[in-house]
1. Considering amide H positions built from the backbone, and no H for Pro or chain starts, which residues 5 or more places from V648, or on another chain, come under 5 Å of its amide H?
2. Fully extended, how many nm does the chain gain between E486 and A19 (0.36 nm per residue separation, minus their Cα-Cα distance)?
3. Sketch the reach of a paramagnetic label on E397 as a point 7 Å from Cα along Cα-to-Cβ, and name the residues of segment 442-470 whose backbone nitrogen lies under 15 Å away.
4. So what does E394 come to for accessible area, using a 1.4 Å probe and Å² rounded to 10?
5. What do you reckon, how do D452, D96, D184, D386 stack up by accessible area (1.4 Å probe), largest on top?
6. Might you report the magnitude of the Cβ-based charge dipole of segment 430-549 about its Cα centre, with Lys and Arg at +1 and Asp and Glu at -1, to the nearest 20 debye?
7. With a 1.4 Å probe and all protein chains kept in place, how much accessible area does E347 have, in Å² rounded to the nearest 10?
8. Rounded to the nearest 0.05, what FRET efficiency do L333 and N467 give with R0 = 25 Å and r taken as the Cβ-Cβ distance? Could you check?
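The values are calculated or read from the model by the stated rules, or taken from the named source; none is laboratory data. As the structure is a computational prediction, the values presented were derived from the model and not from experiment. Please note: Cβ atoms are built from the backbone with ideal geometry, for glycine as well, and neighbour counts cover all protein chains shown. Surface accessibility is based on the protein's heavy atoms, side chains included, excluding ligands, DNA and RNA. Shrake-Rupley method; radii C 1.70, N 1.55, O 1.52, S 1.80 Å.
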Amino acid sequence: MKSIENLLSQTINISEIPALPEAARWAIYKTLTLEKSAEEISYIIKSNPSLTLKILKIANSPIYTRRTPVSSIKDAIVLLGYKTIKGIILSVTIKDIFAGKETGWFNYKGFWLHSIATAIVSEEIAKILKHPSEDIAYAAGLLHDIGKIIFLLSTEERYKEVIDTIGKEKLSFNRAEMKTFGFDHTDVSEFLFEYWELPYKLTIPIHEHHKEDFSPLVKQGVGSLILKIANEIAHIAGFTTQLTEPTYEVSEDILIQLGLLSEDLDLILQNLKANIATLVEILNLPQTDVKGYFEMLSSANRELGKMHITNQQMVKEIKTKKNIVTELNKISLLFLKERDIETVLGEALRTILRCFKFNSVYLEFYLNNESSIMYKVFYPKLFTEDGKLIISLEIEENKKLIKRGSINFSEAETADSAAVYSLDTGNGLELGKLYIEAETKPDSQDLRTFLDQFTLGLNNMKLLLTNKIKTEKLNIAVKQLKDENEARLRFSQINKLILDNSPNGIISIYEEGKIITGNRKAEKIFRENLKNKNFYNLGIFVQNNLQAAVENLVEQKKDGDLTVTIEGKNRIFHISITPIKGTDQLLVLVDDITERLENEKIVIQKEKMATLGELAAGIAHNLRSPLAVIKGIPELILSDLQNKNLRVLRKIDRKEKEDKEIIENMELISKSMQKAFAIIESIMDFSKMETGKFETLELSQAVNEALLLLEHRVKEKNIKFINNTHNCTLSGNKNMMIQIFLNLLNNSIDAIKDTGTIKVNYRKEKDKIIIHFIDNGRGIEKDDIERIFEPFYTTSGRANGTGVGLSITRTMVTIHGGSIKALQGRDGGTIMEITFPVSGK
C-alpha cells in the first residue's frame, strides 16, 4: 500500500498551490503572538490596499455608531476592536489568496461561511475555557478545511466525485475523500502548512479535528477537541459547505470532557450571530441567520427581564424555564441522535407531561394519508378505599396504530381544562394533533415555543422516516435491478460460452454487410478479427474474388457452398443466412465442411471398394477356371512347336510354308493370360484384405523391410535409395504397412528407366506424420494425377500394370486413418505423399 506522503505527492500539484504572500505570512504570525499594538496592526492593514478599503468600509457602516466618519486605520482599530480586526485580517488575507480560482459547481460561499463560523465558535470556546491559545483557536477554525480548496486546485474533476459520493452515500467530507484518494483534507492541510512554513502548533488541531483519538499532549489535545466541537456546532447552526452533507451531531462526550454547559453553548451562538455579520458583509458573503435549539434559553432570559415579579417568583420562574430549556435540549439532542420514532415520541410526550404538569397528553402523529400513530401518556387516576381520588406519580402510556382522523378532538377544543394543538410545519404540512388535559386551560408562550421545537423535531423525524422508507424501497429496487443485471450477465456469459464453443462460425450482420458480432470459431475460420469489418470484404473473400457471390447469398437469404483457397489448399465453406426476427440484422452461420466432405468421400469410397471387392471376388472366382483352360492351350501349342512336335504351315502363293509368326502370337496370348491371372490374384487379395492387429512401428524399419523384397530390382537399375525416416514411430498393421511401402517403391522403380534416385522423407505437423516417397522417374501427367487411385487405371502401359495397386494402397492407407495423394516433382518425377495420424491419435 502506498504511504500518505506518496499519495499526496502524486495527487497534489505544488505548482497549483498559490504562494503565501509575505504580508499574509507576517499577518498570520503576528496574530498568533501576544504582540498586538495598534501600530503593528495598522502596518499589516496598510500593506494591503484591499484590506484597508474593506476595514474602513465596515467601520463607517451603520452597524457602528460614531459622530464623525472614520478615515484612519488606527481609528478603525479602536472602533472595531482587536478581535474584529484580527478576524478581518485573517479572513480577508486567506480568502484573497484563492480569489479568482473558484469553480462553478463548488459552494465557495458556503465554505467560507462555515470556516468563519467555526473560527468564531472556536475562539468563543477557548475564551470560556480560558485556553491559553485563543488566537490559535480562531486561526485553526478559519483554516481547518483549507485542504478542500487545495484539492480543488490540484484535481478538480476527481474532487467532484467526492461531492457526488457525499450526496449519494451520505458520507462526511473526510470519509468521502478517503474513499476516493486514500487521504483527506486534513492531510492536505498539513502538507500545505509545511509548504507555507506555518507554525506546527497550528497544524496539530487541524490535522486531528476529524479523528477519534487525539494527541496525548494535554494542550494539543484540548485544542483538537475545541476545533472538533466548534466544527460540529457550526454545522448544526446551519453553516454547511454542501447542502448534501449528512446531519452532524454534537459530541456529548466532548462537551462533558471540556465542561461546557448548555448556557455556554447558547452564549457561544449569540456571539456567533453578533460577530459573523461583520465578516459576512466585508467578505461579500450571504447573510445567514444562526439557527438552533439553544435559542430557547436566550428567549427565556429576555422574557425574564420584562417581568416585574417578586424575587421568589423570579427564581421559581427561572428554575422552571431552565428546566424546560434543559429538557428541550435533551429532546432536541434525542431528535438528532435517535432514529426510532416511537422512542422519540414517548420521551417527548413524557417530558411535556412532567415539565408542564399536565394530567395527560395524547398525540395523533400522521404517518400517511390513511394511518396514524396514537400515543398517550398520563398519570393514572386512583381511588383510595374510602373513595378518595388520588393521582398516581407513575406515568403510564399506551400506543396503537389507528385510522387517520378517527380521534374526535372537538370536545377538547371547547373544554376549560383541555386544549388541542395542530402540529403544523408552517408551510401547510400537518404532522398531527396534540391533545392536552390539565387542571387549567394549558396555554403559555413556553408551551408554544416547546411545541414549535417539538414540531420541528417531528418534521425532521418524519422526513427521516419517509427517507428511510424511500431508501428501503430504493434498496429493494436496486437489489432487484442488481439481481436482474446479474441474471442478464450470467445469461450473457452462458450465451457467450455457447457461442465461443460452437463448432460453427456465428456472425450477426446488417444487410449492408457491417459485422455486429462474431464468435471465436468465426474468427478462426476467417483468420482475422471481425470487429467493425464488412462481411463482404473479409480477406478470404477478397483474395478469392467472392465478394459478389457472398453479397448475392445475403441478398437472397439462402444457403450456399463457397470454395476458397487458403495457403494453397482448397476449403469449402457452407454459409447459411437467416433474418433475426424483430431486428434489421441477419444471422450468418459459417461451417467449414472440407473435412466432412472428405470423410464422406472416404466412406463412399470404402463402400464402393467393399462392394467392388465382393463383386470382384465372385467374378475372379468364376473366371479362373475357363481362363485356366484358355491359358493352357496356347502353352501346349507353344511347347509342341518349340519341341518340333508340331508344325504350322501357311499356304502362300499356293505354296505351303512354316508359319513362324504363330510362336510370337502364342507367346503374346500366354503373357496376356499371365497378366489376367495376376489381376485376378490382386482382386482376390483385395477382397480378402483385413485390418488385423495394430501396433507401434518404427517407420524406417518398415521401409527397409519393403526395400529388402525389391533389392534385386534396385540393383538391376542401379538406383540410389535414401531412407530419411529414422526416429519416427506410428501405429498400424505391420504387414499392411509394408505392403503400402512395397507398392509405392515398386511404382517408383517402374518409373525409373535406367538409373535414378528414390528418397523417403518424413515430417511432423501437430498430430500428423507426413511421409514423402520421391523419385526422379518419368513422372505422372497432370491429367492422370487425379485418376491414378481409381481401380484398373494404369499409366504403366497395357503390358506392365494391372491398375489395382494404387487403389489397394489407398484403401490400406484409409484403413489406418490416413490419406494419400500424388504430386508432380519440381524437376520431374513423382512425389507420393502419405499422411498418417500420430501414434495414439
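1. Here the answer is D659, since their amide H atoms fall under 5 Å of that of V648.
2. 163.0 nm
3. Under 15 Å, as judged by backbone N against the label point of E397, lie 458 of segment 442-470.
4. Ignoring ligands and nucleic acids, E394 comes out at about 130 Å².
5. Sorted descending by solvent-accessible area, the residues read D386, D452, D96, D184.
6. Roughly 840 debye, rounded to the nearest 20.
7. About 60 Å², rounded to the nearest 10.
8. Efficiency for this residue pair is about 0.80.
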